[in-house]
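All remarks here apply to the structure that follows.
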Amino acid sequence: MAQIEREALIEAIAEMVRAPSVNPSLVPGADGERAVAEWIAERLRQTPGVEVELQESGGGRPNVIASAGSGPGQTLMINGHIDTVGVAGMEEPYSGRVEGNRLYGRGALDMKGAMGGALVLLEAIARDESFPGRVIVTFVTDEEHSSIGTQAICKEIERLHPDAAIVVESSGLNATIAHKGFAWAEIVTHGLAAHGSAWEVGIDAIAHMGRVLGALEAHGRELLTRKPHPIVGPPSLHMSLISGGQELSSYPDICRLEIERRTIPGETEEQVRGELRAILDQLAGEDAQFQAELTMGLFRSPWAVERDAKIVRLLAVTYREDTGREIEYDGSAGWMDTALLAEVGVQAVVFGPDGDGAHAVVEWVDIDSVERYTRILGKVAYAFCGGSGA
Ligand SMILES: [Zn+2]
């Protein structure tokens, strides 16, 4: 493969940063990913050998699925998102300005830097007729909200049939091999509305929720004492939102609480539901007037991959060859699209460039790290698709 020029990377990333793609589910009225998706598709169509399709992910928000290489070997998927968070308070969200080793703008680090690298790499692979297999780059929507982009990719996974994936979220050139999951749940306590003076009739739903809060706080402390995952630490829980009551002079008939439980690899939705259920059952057993219901909301799985998985080993070997150092393994407290790919049977690792200011008012990507990331990604693609077992 021909060497990838630094200037080509800078130009591609800056163009992507200049195409706003604020997630409209996060910021109502924002334009979404269409402009940057169309720019990517238009550019890739100009390179012979790249196959490009726009895939509707919902609400007129397209993923770009692009592939190159027709060798008989394996297929590697490179997955990353093209949406960004909002730009409130930013002085120059769409400048793409380069100063020294930094390229600035919303999404530069999270994650147009990585996707610009993947785009230029795919063009280089398309120009190499001897590429041993196939690379698919999925530029997906909505990772910053509810991942409708990668969900749409997962629905097509049989057709795309990747043998492994690299999710190129910024990892500071570390290999991220685990992340936490989360579960949302709503608990509603039911009381009995009555005149504020009618103590013999009214049942106070808010006071009953107080018992729930106390029990959940104790449960949260207990979670922190459980055996932690070696990379992502212990599970945890917090109360997120609460509301209840109707007016000052009445007994409240309802109180509503929303909570978030962060899970670690090995924990399941059934387990989380069972633990919460047991807390409410215990409180109901202590007081016949206590009435509460539990509704589970969004569940996103925790994720982990073994260090001896082929794609992880190849990344580690390639990193050592390129840098002369051992790669560092880490985990992410936040959830990533990796878990969705794992659920449809695609083994993955997270590897991306370095920088600072994701979701902050000054965001930049480290250009040296983008160069190194792109070079290592290319070498891993050749080795993996060529069938090297490392
Ligand atoms: Zn991201």
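Some values worked out for this structure:
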| read-out | value |
| --- | --- |
| For Gln347, residues with placed amide H under 5 Å, excluding near neighbours | Ala165 |
| Estimated dipole of the stretch 65-142 in Debye, rounded to 20 [Cβ of Lys and Arg +1, of Asp and Glu -1, Cα centre] | 100 |
| Relative contact order, percent, the stretch 276-390 [alpha-carbon distance under 8 Å, six or more residues apart] | 25 |
| FRET E, pair Leu241, His145, Förster distance 22 Å, beta-carbon r, rounded to 0.05 | 0.80 |
| Vicinal HN-Hα couplings computed from phi for the stretch 246-258 (Karplus, 6.51 cos²θ - 1.76 cosθ + 1.60; Hz; Gly/Pro x) | 10, 6, 4, 9, 10, 5, x, 8, 8, 9, 10, 10, 10 |
| DSSP loop GluC sites (Glu not before Pro) with at most 16 other Cβ within 10 Å excluded, longest remaining stretch of the chain | 6-90 |
| Carbon/sulfur fraction of accessible area - the chain, other protein chains in place, 1.4 Å, % | 50 |
| Residues with amide H under 5 Å from that of Leu237, placed H, sequence gap 5 or more | Arg262 |
| 10 Å beta-carbon shell around Ala194, net charge (K/R +1, D/E -1) | -3 |
| Size of charge dipole - the chain - debye, nearest 20, with Cβ of Lys, Arg +1 and Asp, Glu -1, no other charges | 780 |
| Candidate residues Leu26, Leu241, Leu257: accessible-area rank, largest first, probe 1.4 Å | Leu241, Leu26, Leu257 |
| Cα gyration tensor shape for the chain, rounded if a/c is under 1.5, else prolate or oblate | prolate |
| Separation between Cα centres of the stretch 250-300 and the stretch 18-43, rounded to whole Å | 38 |
| Neighbour net charge for Val344 - beta-carbon separation under 15 angstrom, K R +1, D E -1 | -2 |
| For the stretch 89-208, with +1 on Lys and Arg beta carbons and -1 on Asp and Glu, the positive-most of Ile166, Ser197, Met90 along the dipole | Ile166 |
| Signed unit charges on C-beta, dipole axis of the chain, positive-most listed residue Gly233, Ile125, Val64 | Ile125 |
| Per residue, in Å², the accessible surface of the chain once ligands and nucleic acids are set aside, probe 1.4 Å | 43 |
| Glu56-Trp184 FRET efficiency (beta carbon distance; Förster radius 22 Å; 0.05 resolution) | 0.25 |
| Most to least accessible of Asp368, Asp322 (protein chains only, probe 1.4 Å) | Asp368, Asp322 |
| Check: the stretch 157-312 dipole with +1 on Lys, Arg Cβ and -1 on Asp, Glu Cβ, in debye | 660 |
| Contour minus Cα-Cα distance for Arg34 and Glu269 (0.36 nm per residue) | 81.2 nm |
| Relative contact order computed over the stretch 1-153 (Cα-Cα under 8 Å; 6+ residues apart), in percent | 33 |
| The stretch 206-256: relative contact order in percent, alpha carbon pairs under 8 Å with at least 6 residues between | 33 |
| Three-way shape label, the stretch 259-328, alpha-carbon gyration tensor, a/c 1.5 | prolate |
| Given charges at Cβ of Lys, Arg, Asp, Glu: the chain dipole, positive-most of Pro265, Ile327, Gly105 | Ile327 |
| For the stretch 1-95: rounded, prolate or oblate by the Cα gyration tensor [a/c cutoff 1.5] | oblate |
| Restricting the stretch 196-238 to trypsin sites (Lys or Arg not before Pro) in coil, as DSSP defines it, with at most 13 other Cβ within 10 Å | Arg226 |
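The values are calculated or read from the model by the stated rules, or taken from the named source; none is laboratory data. Because the structure is a prediction, the values reported are computed rather than measured. Reconstructed Cβ throughout: ideal geometry from the backbone, glycine too, with neighbour counts over all protein chains shown. Please note that ligands, DNA and RNA were not included when accessible areas were found on the heavy atoms of the full protein model with its side chains. Shrake-Rupley method; radii C 1.70, N 1.55, O 1.52, S 1.80 Å.
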